[in-house]
1. Scan segment 108-120 and report the pairs whose first residue is without any contact (Cβ under 8 Å) to a residue 40 or more places away in the chain and basic (K, R) and whose second residue is in a helix (DSSP H, G or I) and crowded, with 17+ Cβ neighbours inside 10 Å, with Cβ atoms within less than 8 Å and a gap of 6+ or a chain change.
2. Tell me, yes or no, whether segment 100-109 has at least one residue that is under 13 Å from the mean Cα position of the chain (by Cα), modelled with pLDDT of 95 or more and buried (at least 17 other Cβ atoms within 10 Å of the Cβ).
3. Based on this model, can you work out whether V51 counts as closer than 19 Å to A137 by Cβ and either touching a Phe, Trp or Tyr at 6+ places or on another chain (Cβ under 8 Å) or at pLDDT below 95 (or both)?
4. Within segment 75-93, track down each residue that is surrounded by 14 or more Cβ atoms within 10 Å (Cβ to Cβ), in a helix (DSSP H, G or I) and hydrophobic (A, V, I, L, M, F, W, C).
5. Just one of E89, E71, E56, E85 is farther than 27 Å from Y18 by Cα, among the acidic types (D, E) and within 13 Å of the chain's Cα centre (by Cα); which is it?
6. Suppose we keep only residues that are closer than 18 Å to L112 by Cα and more than 17 Å from the chain's Cα centre (by Cα) within segment 26-37. Which one would you say is surrounded by the most Cβ atoms within 10 Å (Cβ to Cβ)?
7. Please enumerate the residues belonging to segment 65-96 that are free of Cβ contacts under 8 Å to residues at least 40 places away in the same chain, among the hydrophobic types (A, V, I, L, M, F, W, C) and under 18 Å from S129 (Cα atoms).
8. Just to be sure, is F117 surrounded by 17 or more Cβ atoms within 10 Å (Cβ to Cβ) and closer than 26 Å to D26 by Cβ?
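The values are calculated or read from the model by the stated rules, or taken from the named source; none is laboratory data. Keep in mind that this is a model prediction, so the values were computed, not measured. Note: ideal-geometry Cβ built from the backbone for every residue, glycine included; neighbour counts use all protein chains shown.
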Amino acid sequence: MIKETYETLCKEHKLPSYEEMDQEFDLCSIEEEHHLLRSVKKRMDDRVHYVGSLVETIIRPNPESYSDMYECRYFSDADKKKVYELLREMHHILRSLDESNVLCNEKRDAQLINEIFAAWPALKKEALSFIGRLKDAWRAQSNGKEHISYLG
């Protein structure tokens, strides 16, 4: 039923296809079709926020987290500047979603969904490059200078 409702809205507002949106933002997990575009925006917000939080640890590691502190040292200042720019774009999207949630306007919701969907591939590609490097840090040869102390 969600898919049919979305497809009706898709035709009305020229939105991306249900399949494309579901692939990127898990629309299949939406249970309530009332105010469906608001629910779609919430799924987009969740994904952008999640990906942003993954890369944010590169420029703002939690000093109490061994993994954050270990990973962040594998990035240069130039890398961190790129992460900062990526996060600026992501936070602009998140604040646009906040603004839209306050407005409660279906036409604006649809416009924002289209804007985020258009921007998402480039943001995702950039984020994946950093996430891959976070993963690779754990396979990198240690310089032997780590000091493991009590972390609890």
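1. R108/S100
2. Kept after step one, since they are under 13 Å from the mean Cα position of the chain (by Cα), are these residues of segment 100-109: none.
Among the residues of segment 100-109, not one is under 13 Å from the mean Cα position of the chain (by Cα), modelled with pLDDT of 95 or more and buried (at least 17 other Cβ atoms within 10 Å of the Cβ), which makes the answer no.
3. Considered against the rule, which asks whether it is closer than 19 Å to A137 by Cβ and either touching a Phe, Trp or Tyr at 6+ places or on another chain (Cβ under 8 Å) or at pLDDT below 95 (or both), V51 comes out as no.
4. V83, L86, L87, M90, I93
5. Details: E89 fails: farther than 27 Å from Y18 by Cα; E71 fails: within 13 Å of the chain's Cα centre (by Cα); E85 fails: within 13 Å of the chain's Cα centre (by Cα).
The unique qualifying residue is E56.
6. Let us first name the residues in segment 26-37 that are closer than 18 Å to L112 by Cα, namely 26-27, 35-37.
From the residues that got through so far, the ones that are more than 17 Å from the chain's Cα centre (by Cα) too are 35-37.
Working: H35: 13, L36: 18, L37: 21.
Here the residue is L37.
7. C72, A78, L87
8. yes
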